[in-house]
There are 2 protein chains.
Amino acid sequence: MSGLTNRGITLTNRPAGHPQTSDFACVEYPVPTLLEGGVLRRTLYLSLDPYMRGRMREVAGYTTPATLGTPMVGGTVSQVIESKSESFAVGDYVLGYDGWQEYGVSDGKDLRKLDPSKAPLSYALGALGMPGLTAYAALLDIGKPKAGETVVVSAAAGAVGSLVGQIARVLGCLAVGLAGSDEKCRFVTEDLGFDACINYKTQPLDEALKAACPNGIDVYYDNVAGAVLEAVLGHINLGARIPLVGLISQYNAVTPPPGPNLMSLLVKRALIHGFLVVDHTHREEAFQADMSKWIREGSVKVVEDTVEGLENAPEAFLGLFSGKNVGKLLVKVSPDPTQ
Amino acid sequence: MSGLTNRGITLTNRPAGHPQTSDFACVEYPVPTLLEGGVLRRTLYLSLDPYMRGRMREVAGYTTPATLGTPMVGGTVSQVIESKSESFAVGDYVLGYDGWQEYGVSDGKDLRKLDPSKAPLSYALGALGMPGLTAYAALLDIGKPKAGETVVVSAAAGAVGSLVGQIARVLGCLAVGLAGSDEKCRFVTEDLGFDACINYKTQPLDEALKAACPNGIDVYYDNVAGAVLEAVLGHINLGARIPLVGLISQYNAVTPPPGPNLMSLLVKRALIHGFLVVDHTHREEAFQADMSKWIREGSVKVVEDTVEGLENAPEAFLGLFSGKNVGKLLVKVSPDPTQ
């Protein structure tokens with residue numbers, strides 16, 4: 001199996017502001033010969049997520065910076081094509097973190113086997129993976145929604161937001177989304193069953209929030225920060241909970257913009273709590289059980305936006321910040337034998 | 001006892017921006033004849049607190065707006081001078097909410113008896129009263145400091161802040177204050193035993209916080225918001241807790257200023273939680289027990305700034321916003337017979 005050529009997408013330049021496709025390069029390099037204990041796999045799906053923008057900075061926040069000239073990191077679903085490990089056999093499907101490249105090699109300690117009979121393989125990168133756990137743990141453990149309460153979520157058509165609103169509905173809450181186009185809003189309400197969705201680009205936020213949340217806002221699941229957070233703070237109820245899960249609105253900012261005035265937090269005795277999924281792996285079991293059940297029952301629909309071909313990863317990634325995609329953004333790097 | 005003339009300080013004008021003494025008037029009006037069940041008392045001490053600024057707005061936040069032409073509200077320690085109630089006798093000392101006036105009348109349901117043998121009467125408005133419970137409950141229940149952690153508090157020389165740092169020391173934490181003059185800083189460290197104090201008006205905040213908090217900040221007890229909160233967010237540790245107890249820096253703002261960028265909350269999985277003491281009355285018993293013990297032992301020193309004469313209340317109140325006072329600001333309205 002040696003002699004294979006790997007292909008990867010590397011970061012060639014740390015962008016200031018919005019990244020460009022020219023900040024990336026597609027490079028080829030040999031796949032190393034497998035040592036004893038090693039596992040070689042072919043990437044089927046690559047996950048594209050907003051957090052990767054943070055990796056592109058020289059000084060990273062909660063992630064280590066990407067190294068210029070090496071493939072960008074990222075979650076992957078792969079199939080084992082050669083194994084010198086007792087733990088993995090050729091043909092096994094695995095969840096890993098091989099990044100933006102066609103093949104991955106390691107001792108297998110970074111891999112988790114996937115059972116394709118239980119759920120489509122790609123779900124391990126979305127609804128049953130990191131974005132799913134992010135939606136589940138931040139909503140349940142920080143948002144603590146009670147039946148009858150109002151849950152608002154930004155980036156409602158995205159990988160995480162689309163799940164948050166659906167989980168809120170399962171829990172008996174009023175689910176209100178915020179999204180950047182009428183088409184996304186229609187999708188979120190008609191296809192995913194949110195009670196309402198506000199186009200934050202065209203609708204006056206205060207009036208729209210008031211109309212969509214007649215009883216005020218108990219939980220605001222925030223993926224974006226910025227103007228939407230500021231507007232939401234004007235409508236929160238006593239004791240409101242705000243999981244701060246993302247600040248997409250400022251990931252491309254050169255200098256950090258100011259945040260919202262926090263007077264409402266005091267007046268309403270509300271809280272904003274930063275959330276990173278890495279702290280919540282202890283919830284994995286409950287999450288897998290609940291989410292699998294909800295998907296099986298049809299109360300949570302899984303939405304994927306799949307781009308074909310590794311070479312299209314940079315452009316697809318940039319679309320995350322211009323609101324192009326709906327649902328979980330994936331790159332199909334090679335054909336999925338289970339499909 | 002009828003025929004007494006009451007004297008009160010009323011709000012004559014809702015100020016935009018910084019209040020002036022001309023926004024207040026000193027007026028006289030008769031004390032009503034006592035009805036069956038009534039209690040008449042003479043004010044000994046009036047508490048002046050930053051929250052009163054909120055009352056001066058037409059649209060109040062967490063407090064109902066003051067009515068123009070009636071005495072400003074406020075906590076008081078008084079002595080009963082006439083009683084037609086079975087619950088109170090002439091000579092009793094009581095904690096009440098009679099506001100900026102020399103006499104108060106009610107059915108007594110709003111009064112709590114004070115025992116002058118246990119602590120100086122005025123403490124009921126400060127260290128053993130609302131500011132004390134504010135310091136105690138927000139620090140313990142939101143800040144949750146553990147021994148060895150670093151606790152930073154703004155307005156450290158004030159009624160609440162001076163207690164917060166001392167409680168933090170009792171709990172085995174490193175206590176770092178922020179105050180607006182070198183004199184206050186010296187007072188906070190030398191007299192109250194804080195480990196360090198930063199003059200936020202003259203010292204570069206980032207460097208000073210770094211030097212005073214070599215292990216980062218675990219708890220930031222915030223009384224002021226504004227630039228100090230912004231700077232502190234750059235130095236918080238993983239899982240930091242920020243009780244937001246006051247926003248003194250903006251109480252006189254005509255339009256709400258922006259707040260801090262919240263990226264650090266995400267990166268550090270930290271929380272900001274708005275606090276109002278009215279939600280924490282269930283902590284009263286534990287607070288009284290602990291704080292009385294700490295005061296008795298000398299591990300918490302009580303600092304009062306007492307202004308003589310009701311007519312000086314407006315000017316003293318304005319001083320709260322220009323950093324004039326140290327410790328709990330009180331007006332001595334009439335002589336305290338226990339002193």
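Which of the residues spanning region A:89-121 are touching a Ser or Thr at 6+ places or on another chain (Cβ under 9 Å), closer than 15 Å to A:THR76 by Cα and of a type in the set (Val, Ile, Thr)?
A:VAL94
Would you tally the residues in region B:231-259 being at pLDDT below 95, surrounded by 21 or more Cβ atoms within 10 Å (Cβ to Cβ) and at the interface with another protein chain (Cβ under 7 Å from one of its Cβ atoms)?
So the answer is 2.
Within region B:113-124, is even one residue buried (at least 23 other Cβ atoms within 10 Å of the Cβ) and over 23 Å from B:VAL303 (Cα atoms)?
So far as region B:113-124 goes, no, none of its residues is buried (at least 23 other Cβ atoms within 10 Å of the Cβ) and over 23 Å from B:VAL303 (Cα atoms).
Report yes if some residue within region A:53-67 is surrounded by 21 or more Cβ atoms within 10 Å (Cβ to Cβ), at pLDDT 95 or above and within 24 Å of the chain's Cα centre (by Cα); otherwise report no.
Looking through region A:53-67, none of the residues is surrounded by 21 or more Cβ atoms within 10 Å (Cβ to Cβ), at pLDDT 95 or above and within 24 Å of the chain's Cα centre (by Cα).
Going by the conditions given, is B:ASP49 within 30 Å of B:SER292 (Cα to Cα), charged (D, E, K, R), assigned to a loop (DSSP other than H, G, I, E, B) and under 19 Å from the mean Cα position of the chain (by Cα)?
Spelling it out, B:ASP49 is indeed within 30 Å of B:SER292 (Cα to Cα), charged (D, E, K, R), assigned to a loop (DSSP other than H, G, I, E, B) and under 19 Å from the mean Cα position of the chain (by Cα).
Please state which one of A:ALA225, A:ALA127 is modelled with pLDDT under 95 and surrounded by 24 or more Cβ atoms within 10 Å (Cβ to Cβ).
Being modelled with pLDDT under 95 and surrounded by 24 or more Cβ atoms within 10 Å (Cβ to Cβ) holds for just one of A:ALA225, A:ALA127, which is A:ALA225.
For region B:268-294, which positions are of a type in the set (Gly, Ala, Ser) and either buried (at least 21 other Cβ atoms within 10 Å of the Cβ) or closer than 12 Å to B:THR134 by Cα (or both)?
Passing the criteria: B:ALA270, B:GLY274.
Is it the case, given these coordinates, that B:LEU209 is within 11 Å of chain A (Cβ to nearest Cβ) and either outside any loop (DSSP other than H, G, I, E, B) or more than 28 Å from A:PRO243 (Cα to Cα) (or both)?
It is false that B:LEU209 is within 11 Å of chain A (Cβ to nearest Cβ) and either outside any loop (DSSP other than H, G, I, E, B) or more than 28 Å from A:PRO243 (Cα to Cα) (or both).
Find all pairs meeting these conditions: Cβ atoms under 7 angstrom apart; at least six residues apart or on different chains; first residue within region B:29-53 and of a type in the set (S, T, N, Q); second residue at pLDDT below 95 and surrounded by fewer than 19 Cβ atoms within 10 Å (Cβ to Cβ).
Listed pairs, sorted by first residue: B:THR33/B:SER2.
Answer yes or no as to whether B:VAL152 is assigned to a strand (DSSP E or B) and either over 10 Å from the mean Cα position of the chain (by Cα) or farther than 19 Å from B:LYS293 by Cβ (or both).
yes
From the list B:ALA196, B:ALA212, B:ALA168, pick out the single residue that is in contact (Cβ under 8 Å) with a residue 12 or more places away in the chain, closer than 22 Å to B:LEU125 by Cα, small (Gly, Ala, Ser) and outside the structural domain of B:TYR51 (by TED's automatic domain parsing).
B:ALA168
Would you be able to tell me the number of residues in region A:282-327 that are hydrophobic (A, V, I, L, M, F, W, C), closer than 28 Å to A:ALA16 by Cα and more than 18 Å from the chain's Cα centre (by Cα)?
1
Just one of (1) touching a residue at least 12 places away in the same chain (Cβ under 8 Å); (2) among the β-branched types (Val, Ile, Thr); (3) farther than 24 Å from A:VAL31 by Cα trips up A:ILE81, so point out which.
The failed condition is (3).
Is it fair to say B:VAL176 is under 21 Å from B:MET130 (Cα atoms) and surrounded by 16 or more Cβ atoms within 10 Å (Cβ to Cβ)?
No, not satisfied.
Restricting to region B:319-339, name every residue that is crowded, with 20+ Cβ neighbours inside 10 Å and among the hydrophobic types (A, V, I, L, M, F, W, C).
B:LEU320, B:VAL326, B:LEU329, B:LEU330, B:VAL331, B:VAL333
Checking the structure you have, find out if any residue of region B:169-176 is charged (D, E, K, R) and not in a helix (DSSP H, G or I).
no
Yes or no: A:GLN339 under 19 Å from the mean Cα position of the chain (by Cα), more than 28 Å from B:MET263 (Cα to Cα) and not aromatic (Phe, Trp, Tyr)?
The answer is no for A:GLN339.
Is it the case, given these coordinates, that A:VAL80 is surrounded by 21 or more Cβ atoms within 10 Å (Cβ to Cβ), out of contact with any His (no Cβ under 7 Å at 6 or more places or on another chain) and among the β-branched types (Val, Ile, Thr)?
In short, yes.
When you scan region A:1-19, how many residues do you find that are part of a strand (DSSP E or B) and of a type in the set (Lys, Arg)?
1
Considering only residues that are within 11 Å of B:THR43 (Cβ to Cβ) and in a strand (DSSP E or B), which ones fall in region B:95-130?
Answer for region B:95-130, where residues must be within 11 Å of B:THR43 (Cβ to Cβ) and in a strand (DSSP E or B): B:GLY96, B:GLN101, B:TYR103, B:GLY104.
Could you tell me which of the residues A:VAL302, A:VAL278, A:VAL267 is β-branched (Val, Ile, Thr) and away from chain B (no Cβ under 14 Å)?
Of A:VAL302, A:VAL278, A:VAL267, the one residue that is β-branched (Val, Ile, Thr) and away from chain B (no Cβ under 14 Å) is A:VAL302.
Can you tell me which residue within region A:20-46, out of those that are of a type in the set (A, V, I, L, M) and in a strand (DSSP E or B), is farthest from A:LEU320 (Cα to Cα)?
A:VAL39
May I ask you to list the residues in region A:295-315 that are part of a helix (DSSP H, G or I), crowded, with 21+ Cβ neighbours inside 10 Å and either among the hydrophobic types (A, V, I, L, M, F, W, C) or modelled with pLDDT under 95 (or both)?
A:LEU310, A:ALA313
If B:ARG14 satisfies every condition in (1) of a type in the set (Lys, Arg); (2) buried (at least 17 other Cβ atoms within 10 Å of the Cβ); (3) farther than 25 Å from B:SER83 by Cα but one, which is the exception?
(2)
The values are calculated or read from the model by the stated rules, or taken from the named source; none is laboratory data. Keep in mind that this is a model prediction, so the values were computed, not measured. When we count neighbours, we look across all protein chains shown, and the Cβ atoms used for this are built from the backbone with ideal geometry, even at glycine.
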